[in-house]
Amino acid sequence: MKKGKKIIVANWKMNPSTTEEAKDIARKAKNELGDKVKTQVVICPPSIFINDIRKIISGEKNISLGAQDVSSDDGKSTTGEIGSEMLYDHDVKYVIVGHSSRRENLETDEIISEKIKTAVKNGITAILCVGEIERNEQGNFYHEVRGQIQKDLSKITKKNLGKIIVAYEPIWAIGKKDTEAMSPHDLHEMNIFIKKTLNDIFGKDGSSVPILYGGSVSKRNAREIFVGGEVSGLLIGRESLKIENFIDLVKEIDSIK
Ligand code: PGA
């Protein structure tokens, strides 16, 4: 990915229910965004739809495929898992790792660090999700986010940093009304803190890692969050399935100078 390029990730989670609906959303995204924007759009469908969507967006420079998870097992022996080599073979260029809904289901930092290691080793960019559960006056959330980044990127060297994106997603702001997303001011502070953390770990190379925001972003609040938070991009959940809104959102961000 070109340095400085804006990134918008669509996290479809377990939606939609059918292949036809998934193909329809992907076709609309391709027609409206394909060669019309410079922003890098990453569509992360449920893995069962990856192959169909791959055929639709094949050849599109600014729309890429992402997965929502990858196995930490490089030894090819875990039932029900999908390995990074298989994703790579299906033109998957990105993978979300450590989303809060997976951390909740006992995905530890150790497992997350292994997933990132195998993804990067097989040529896939890892979108590492970090974020505090809640905020309190003591400011422990800074410590929490720093700890996640340190542990989750512990198997990554400076050499591989070009394949890392950090998505800051405060858990308390996910799945809410768009008026309850994080304030651009607070996001800006956290953005600086994450940059500093990456710098402490990797030296000046750390500043090349794009930092995204996710949590109740809609087409209405996207610009304010993107500009005020000074982030490199956004990770969108529910709004990415309302395809007309998502298209507007991407175009809006794309138009920002
Ligand atoms: P949301 O989800 O945009 O629906 O809040 C974001 C996410 O969980 O990644």
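The values are calculated or read from the model by the stated rules, or taken from the named source; none is laboratory data. Values in this document were obtained by computation on a predicted structure and should not be read as measured data. Reconstructed Cβ throughout: ideal geometry from the backbone, glycine too, with neighbour counts over all protein chains shown.
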Worksheet item: Checking Lys195 against (1) within 21 Å of Glu104 (Cα to Cα); (2) within 19 Å of the chain's Cα centre (by Cα), which single condition isn't satisfied?
Response: (1)
Practice prompt. Being touching an Asp or Glu at 6+ places or on another chain (Cβ under 7 Å) and closer than 22 Å to Val41 by Cα is the filter here, so list the residues in segment 156-172 that pass it.
Written response: Leu161, Pro170
Discussion item. If I filter segment 39-54 for residues that are in contact (Cβ under 8 Å) with a residue 12 or more places away in the chain, touching an Asp or Glu at 6+ places or on another chain (Cβ under 7 Å) and in a loop (DSSP other than H, G, I, E, B), do I get at least one hit?
Written reply: yes
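Which residue, of Ala67, Ala29, Ala10, Ala22, is within 20 Å of Gly214 (Cβ to Cβ), of a type in the set (A, V, I, L, M), crowded, with 20+ Cβ neighbours inside 10 Å and away from the ligand (no atom under 16 Å from the Cβ)?
When all the criteria are applied, what remains is Ala29.
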Discussion item. I need every pair where a residue in segment 227-254 that is farther than 18 Å from Glu21 by Cα and at pLDDT 95 or above has its Cβ under 7 Å from the Cβ of a residue that is part of a loop (DSSP other than H, G, I, E, B) and hydrophobic (A, V, I, L, M, F, W, C), sequence separation at least 6 or different chains.
Written reply: Val227/Ile256; Leu234/Val217; Ile236/Val217; Val250/Val37; Lys251/Val37; Asp254/Val37
Item to complete: For residues that are in a loop (DSSP other than H, G, I, E, B) and over 25 Å from Gly75 (Cα atoms), scanning just segment 117-134, find the one that is farthest from the ligand (Cβ to nearest atom).
Response: Glu134
Practice prompt. Identify all residues within segment 62-79 that are under 19 Å from Cys44 (Cβ atoms), among the small types (Gly, Ala, Ser) and in a loop (DSSP other than H, G, I, E, B); write none if there are none.
Written response: Ser71, Ser72
